[in-house]
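Engineer: Take this structure, written in structure tokens, and hold onto it; I'll ask about it next.
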Amino acid sequence: MTDVLAVTDHRRGELRDVSYELITAGRELADATGGELHVAVISGTVDEFAEKLDREGVDAIHTVDHGEEFNHDVYAQTVTQLYDELAPQYVLAPNSVNGLDYAPAVANQLDLPIVTDTVDLEADGDSLIATREMYGGKVETTTELAGDAVVTIRGAEWPAAEGTGDASIEAFDVDIDEDAVGSTVTGFEEVGGGDVDISEADVLVSVGRGIEEEENLEIIHELADALDATVSSSRPIVDNGWLPKNRQVGQSGKVVTPDVYVAIGISGAVQHVAGMKGSDTIVAINTDPNAPIMDIADYAIVDDLFDVVPALTEIFE
């Protein structure tokens, strides 16, 4: 029997989507070995978070009311103490800025192996088979871990946990060594053109090199306005300086999971697809019927974007 501890993620008072995906990944591992899934929520409005995290498949939720925002030392000390208390075989964390901050420190302190950015996990007896992607998603590799381990999971690779749970919710009495807390969060400042967070958008209108010229972005913005959507892009648009870095979708940009993703003039390279394949509905507009984006599109329009986009704008205005 193998127990799993999943450490959730939040920022500015909101649980991140990956928190619910961690529950799904953790439950799959626990089911494979007949164990329990324990969920930890550290800092912030922990009681409110715990209610939202009480999804089907969660056995216990452990709350740690210490501060409002993420702090490396608080998280590292808390997760280490939870591990000592609960004795899980696997500690799951998000492959986010926060997760990649404390997870290696926890693994080092507990003398455990760590595998980051996993896209699939499979329990095989006492071993864990962790799958990762390399070379822009062109190659998959597997790592076999024997015994306990720390693992971070890539966002949007597992579906979000649903349903209503009946987990026990307990406050965990963590003993924080305040002398060892070397930093504190005093606020947030967006950098690199942080006017929007595309990962939070419900509808994205995303543009690629097929737009040809920067001036042509005007029709993309007009469609986005008509759809009440946010504009995003593939890497070439950002590399050209036509849109800021925070608008880039893909492996070197942001992972997004909107309700609707409209890909305009985007071929669908594996690096881009890795960042948007979790979208609920994908609409692709491209002159090439054999473009890779067409393989994952729910709706494909094979036509010139300069004809299609203005027509769609007129329909939705």
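Engineer: Give, as residue ranges, the helices (runs of 4 or more DSSP H) completely inside the stretch 227-299 that count at least 2 residues that are assigned by TED's automatic domain parsing to the domain that holds residue 209 and buried (at least 20 other Cβ atoms within 10 Å of the Cβ). Please lay out each step first, then the result.
Structural biologist: Numbers: elements: 235-239, 270-276, 293-296.
Counting at least 2 such residues, we get 235-239, 270-276.
Engineer: Are there any pairs, at least 6 apart or on different chains, whose C-beta atoms fall under 8 Å, with the first in the stretch 227-253 and on the phi > 0 side of the Ramachandran plot and the second polar (S, T, N, Q) and in a helix (DSSP H, G or I), and if so, which?
Structural biologist: If the second residue must be polar (S, T, N, Q) and in a helix (DSSP H, G or I), the pairs left are 250/271.
Engineer: While we're looking at this one, here's another question. Hey, could you check the stretch 60-108 for residues that are among the hydrophobic types (A, V, I, L, M, F, W, C) and surrounded by fewer than 20 Cβ atoms within 10 Å (Cβ to Cβ) and say which is nearest to residue 28 (Cα to Cα)? Break it down stepwise before answering.
Structural biologist: We begin by selecting, within the stretch 60-108, every residue among the hydrophobic types (A, V, I, L, M, F, W, C); these are 60-61, 64, 70, 74, 76, 79, 82, 86-87, 91-93, 97, 100, 103, 105-107.
Filter again for surrounded by fewer than 20 Cβ atoms within 10 Å (Cβ to Cβ), leaving 60, 86-87, 97, 100, 105.
Values: 60: 15, 86: 19, 87: 18, 97: 24, 100: 22, 105: 25 Å.
Among those residues, the one meeting the criterion is 60.
Engineer: Let me ask something else. For the stretch 95-126, give me the residue count where each residue is part of a strand (DSSP E or B) and out of contact with any Pro (no Cβ under 9 Å at 6 or more places or on another chain). Working first, answer last.
Structural biologist: If we filter the stretch 95-126 for residues that are part of a strand (DSSP E or B), which is where we start, we get 114-124.
Subsequent filtering for residues that are out of contact with any Pro (no Cβ under 9 Å at 6 or more places or on another chain) retains 115, 117-124.
Matching residues across the stretch 95-126 total 9.
Engineer: Is it fair to say residue 239 is of a type in the set (Asp, Glu) and either out of contact with any Pro (no Cβ under 8 Å at 6 or more places or on another chain) or more than 26 Å from residue 154 (Cβ to Cβ) (or both)? Talk me through it step by step, then tell me what you get.
Structural biologist: Working: of a type in the set (Asp, Glu): yes; either out of contact with any Pro (no Cβ under 8 Å at 6 or more places or on another chain) or more than 26 Å from residue 154 (Cβ to Cβ) (or both): yes.
For residue 239, the condition - of a type in the set (Asp, Glu) and either out of contact with any Pro (no Cβ under 8 Å at 6 or more places or on another chain) or more than 26 Å from residue 154 (Cβ to Cβ) (or both) - is met.
Engineer: Another question, if that's okay. For the stretch 44-86, which positions are under 23 Å from the mean Cα position of the chain (by Cα), under 20 Å from residue 151 (Cβ atoms) and aromatic (Phe, Trp, Tyr)?
Structural biologist: Listed by number, the residues that qualify are 70, 75.
Engineer: Can you name the condition, by its number, that residue 314 falls short on among (1) under 19 Å from residue 228 (Cα atoms); (2) surrounded by 14 or more Cβ atoms within 10 Å (Cβ to Cβ); (3) charged (D, E, K, R)?
Structural biologist: (2)
Engineer: Considering only the stretch 142-163, I want to know if a residue exists there that is surrounded by fewer than 15 Cβ atoms within 10 Å (Cβ to Cβ), more than 20 Å from the chain's Cα centre (by Cα) and farther than 22 Å from residue 3 by Cβ.
Structural biologist: Yes, there is a match, as at least one residue in the stretch 142-163 is surrounded by fewer than 15 Cβ atoms within 10 Å (Cβ to Cβ), more than 20 Å from the chain's Cα centre (by Cα) and farther than 22 Å from residue 3 by Cβ.
Engineer: Suppose we filter 133, 122 for residues that are touching a residue at least 24 places away in the same chain (Cβ under 8 Å), crowded, with 18+ Cβ neighbours inside 10 Å, on the phi < 0 side of the Ramachandran plot and charged (D, E, K, R); which single one remains?
Structural biologist: Values: 122 fails: crowded, with 18+ Cβ neighbours inside 10 Å.
The conditions single out 133.
Engineer: Considering each of 57, 13, 44 in turn, give the residue that is at positive phi, surrounded by fewer than 18 Cβ atoms within 10 Å (Cβ to Cβ) and of a type outside the set (D, E, K, R).
Structural biologist: Values: 57 fails: surrounded by fewer than 18 Cβ atoms within 10 Å (Cβ to Cβ); 44 fails: surrounded by fewer than 18 Cβ atoms within 10 Å (Cβ to Cβ).
Testing whether each residue is at positive phi, surrounded by fewer than 18 Cβ atoms within 10 Å (Cβ to Cβ) and of a type outside the set (D, E, K, R) leaves just 13.
The values are calculated or read from the model by the stated rules, or taken from the named source; none is laboratory data. Computed from a predicted model, the values in this text were never measured in an experiment. Heads up, the Cβs are rebuilt from the backbone with ideal geometry, glycines too, and the neighbour counts pull from every protein chain shown.
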